Structures are given as structure tokens and as C-alpha cells.
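Please treat every number below as a calculation from the coordinates, not as lab data. Values in this document were obtained by computation on a predicted structure and should not be read as measured data. Note that each Cβ is placed from the backbone with ideal geometry, even for glycine, and that neighbours are counted across all protein chains shown.
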Amino acid sequence: MNLSELKREIQSFKISSKEELESFRIHFLGSKGIIKQKYAELKTVPNLQKKEFGQEINLLRKLAEERHDLLKPQLSKTAFPKTEQIDLSMPGNPINIGSHHPLSIVRKEIIELFSTIGFNVSEGPEIEDDWHNFSALNFPKEHPARDMQDTFFINKSADEIALRTHTSSVQVRVMENSSPPIRTISPGRVYRNEAISARAHCFFHQVEGLYIDKGVSFADLKQTLLYFAQELFGSKTKIRLRPSYFPFTEPSAEVDISCTICSAKGCSVCKYTGWLEILGCGMVDPNVLDSCGIDSNVFSGFAFGMGIERIAQLKYKVSDLRFYSENDIRFLDQFKSAL
Ligand code: DAH
């Protein structure tokens, strides 16, 4: 092939894909390509023509290189060669949808079932003063019951500001700011200075309940708690009240439900008793009513308080409290269909 034929061939070589461009490169510019061969032929060209022949090959090499470099960026942009084009009939990649946190699910359920019987929702601050967290709730200063609460103090000054240790502080705020009849529940986060383990944490969540009106009795409390337990854990659930002590209620009780895991037959979760403790409750102590501006000669009421983690633990068999705050997707994903 003479050099002018070669020039025409370089110019007319069909290049419409990445593959054809590569064939072009190998054919003309590759280490065994035509241009290399032409340079090799240079040795056999008579001396007088050597210079001209050499210059012409140089020009042809340049021509081939320019054509290659011009087409390369355009053709490499073809991200989807024909055989790999997108198939629009294929299902798309699913978007990973989040889930509600188990504590949010349980809190929502509790709010809903109490709102059905006329309770509204109230909230208070997590940074609380001594009055709302303790004194108004009938914890005298230096009373040993304060030690039960492992308080995180923010400031040991006159006001003794602390992270609230329970949501009972919200009942004080509600009583101070409204008048009976009061029917409210107060969900929220509380803090205690405890070492973190499977069974204890330095923060957790509670729901407080409060009902104040004329003639509210212990029977009302019992029936309300039975309704709550059966709505949340099923209509066969039984409750049991054991006498207890809280400074802000008199009389006070702790409430157990029949074990939801073994149907009260006895298992490791209920420690073979058939019962699970779920909350504390009682009739609001007259001292508390009076401290909050409600006449205890006219009104009476009941209160109760429960841990949301504990309820979620029983509903979903969560074995370690730390799971709730670690945000491990493998844990959270299990609640995708729970709401
Ligand atoms: N505040 C208590 C606690 O954190 C729980 C509690 C017990 C709340 C009895 C109440 C109640 O309202 O009546 O341990």
C-alpha cells in the first residue's frame, strides 16, 4: 500500500463506537500497526528519498493520532453501549424506608388509648427545679426518698436545678396551671445517675397519668389501669395491685400484669411468678393537692407512672435497654411493620 492510499484509509476508516476506535488505533498506531511497519520500511528506501518518505510517515502518524484523539472523548461518553441499555421494565432499586422507633410506637399507643377515655397530653421541661421534681410532690428536704432517685444536679445553688428524675414533675405543673376536672397524661424523658447496663440507663422515658375531680376513688384508678392493661396487652390480661410507698400518693401501689409471655404459667421473664411489674400508682396525697393550689377537701385524684422502655420490652421482648439508644439499624428495622 502506498502512502497516499494509506492516507485515504486513515481518513475513511469507519469509527462509530469505542470498539471501532480501538481497532483503528491498533490497526494504524499499534506496536504492530501499519505506521510502525512503514517506519521499518524506511531502511529499504534509497537514501535520496529517505527524508521525504520519513516526513510523509510522520504526517500520516499525526493524522491518525489526531483523528483518534478527536473521537475518543465523544465515544467514551457512550456510557450504555447498545447491549447494556437500561431496561425500564425492571423493578427499581428500593429506597430504604425508615421505621418508627419502638419507644415512639408505644408512646403513641398509650396516648391514643388514654385519649379515648378523655385524657389530654401535657409536657414539662427536662431541666427542672427542686419544687416541681421533689418538694411539691411531698419529698421533704433531706427525705431519704430523694436518694432513691439518683438525681443529676445541674447546679447545687439555692434553686437546686436538676434533670428531672420522673415525669411526676409535670403533674405539679398541670395542677398549678389548671383547675379540676383534670385528666392528663405526660410522656417524656427522665434522667437518673445510674451505671448503664442491660437493665438500667442514665436516661429513659416515662408516662405519667393524673386524674383529679370531685369524688375520684381508688376503684376508678383500678378500673382505668385494667382498661389500659387490656388495651395494650390483650383482653385476657389481668392486673394485680401490691401495696407500696411513694411520697406523693397515699395509699400507693405497684401494679403487675399477668405475664404476657407465658400467659401467667411461669417463665424466666416473670421469674416463674406469672406476674410482671409495670407501673406505680396511688391516690394523690392531699399535701400534693394543697401544694399545687387544689383544695384537698373538695377534690381527690389518682396518679400513675410507668416506664415506656419497660412496656416496649414486654411487648417486643427487648432483652437489653441499651438497644433503644444505640440506633443500630438491625434493631430498628424490626419495627418496620409495627405501626
Ligand atoms: N414517679 C415514680 C417513679 O419515677 C413513678 C410513679 C409512681 C408515678 C406512683 C406516679 C405514682 O404518679 O402515683 O418511680
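What list of ³J(HN,Hα) values in whole Hz, one per residue of region 313-328 in order, does the Karplus curve 6.51 cos²θ - 1.76 cosθ + 1.60 (θ = phi - 60°) give from phi, with Gly and Pro shown as x?
Computed from phi, the couplings for region 313-328 are 4, 6, 5, 10, 6, 7, 8, 9, 4, 5, 4, 5, 10, 8, 6, 7 Hz.
Ranked highest first by the average count of other Cβ atoms within 10 Å around their residues, in what order do 57-68, 276-287, 176-187 fall? Display every interim value, and only then the final one.
Details: 57-68: 16.2, 276-287: 20.7, 176-187: 17.9.
Packing proxy ranking, top to bottom: 276-287, 176-187, 57-68.
Does anyone have the angle between helix 102-115 and the longest principal axis of the chain? Alpha-carbon axes, 0 to 90°, nearest 10?
That works out to roughly 40 degrees.
Run lengths n ≥ 4 of DSSP H only: what is the helix-derived mean residue ellipticity at 222 nm for the chain, with -39500 (n - 2.57) per run over all residues, to the nearest 500?
-10500 deg cm²/dmol
Subtracting the Cα-Cα distance from 0.36 nm times the residue separation, let me have the gained length for D295 to K317 in nm, one decimal.
That works out to 3.6 nm of additional length.
What are the trypsin sites (Lys or Arg not before Pro) within region 257-312 that DSSP puts in a loop, where the Cβ has at most 15 other Cβ atoms within 10 Å?
Those that pass, being in a loop and sparsely packed, are K265, K271.
Filter the chymotrypsin sites (Phe, Trp or Tyr not before Pro) in region 245-288 down to the DSSP loop ones having no more than 15 other Cβ atoms within 10 Å, then list what survives.
Passing both the DSSP loop test and the Cβ count: Y272.
Want the number for S17 to E5: 0.36 nm per residue separation, take away the alpha-carbon distance, what's left?
In short, 1.9 nm is gained.
Near E66, within a Cβ-to-Cβ distance under 13 Å, what is the net charge of the other residues, with Lys and Arg +1 and Asp and Glu -1?
The answer is +4.
Kindly write out, for region 233-244 in residue order, the coupling ³J(HN,Hα) from the Karplus curve 6.51 cos²θ - 1.76 cosθ + 1.60 (θ = phi - 60°), rounded to whole Hz, with x marking Gly and Pro.
Values, residue by residue: 10, x, 5, 8, 5, 10, 10, 9, 10, 10, x, 8 Hz.
Please give the helix 168-177 orientation as an angle from the longest Cα principal axis of the chain, in degrees from 0 to 90, rounded to the nearest 10.
Rounded to the nearest ten degrees, it is 70.
How would you rank 4-10, 213-219, highest first, on the average number of other Cβ atoms within 10 Å across their residues?
Numbers: 4-10: 14.3, 213-219: 12.7.
Going from most to least packed, we get 4-10, 213-219.
Among all lysine pairs in region 102-338 that are eight or more places apart or on different chains, how many have alpha carbons less than 20 angstrom apart?
20
Specify the angular offset, from 0 to 90 degrees and rounded to the nearest 10, of the alpha carbon long axis of helix 3-12 from the longest principal axis of the alpha carbons in the chain.
Taking Cα atoms only, the helix is inclined about 30 degrees.
Just tell me which aspartates and glutamates come within less than 15 Å, Cα to Cα, of K72; anything on the same chain fewer than 8 places away is out.
The qualifying aspartates and glutamates are E19, E20, E22.
Can you tell me what share of the DSSP beta bridges in the chain is antiparallel? A percent to the nearest 5 is fine.
On the way: 42 of 44 bridges.
Beta bridges within the chain, antiparallel portion: roughly 95 percent.
Amide H neighbours of G274 under 5 Å, at least 5 residues apart or on other chains, H built in the peptide plane: list them.
G266, C267
Can you give me the relative contact order of the chain as a percent, contacts being Cα pairs under 8 Å and 6 or more apart?
Answer for the chain is 15 percent.
Sorted from fewest to most neighbouring beta carbons within 10 Å, what does the list V269, V170 look like?
By the 10 Å Cβ count, ascending, the order reads V269, V170.
Hey, any idea what Rg/Rh is for the chain, computing Rh the Kirkwood way over Cα pairs?
Ratio of gyration radius to Kirkwood radius: 1.52.
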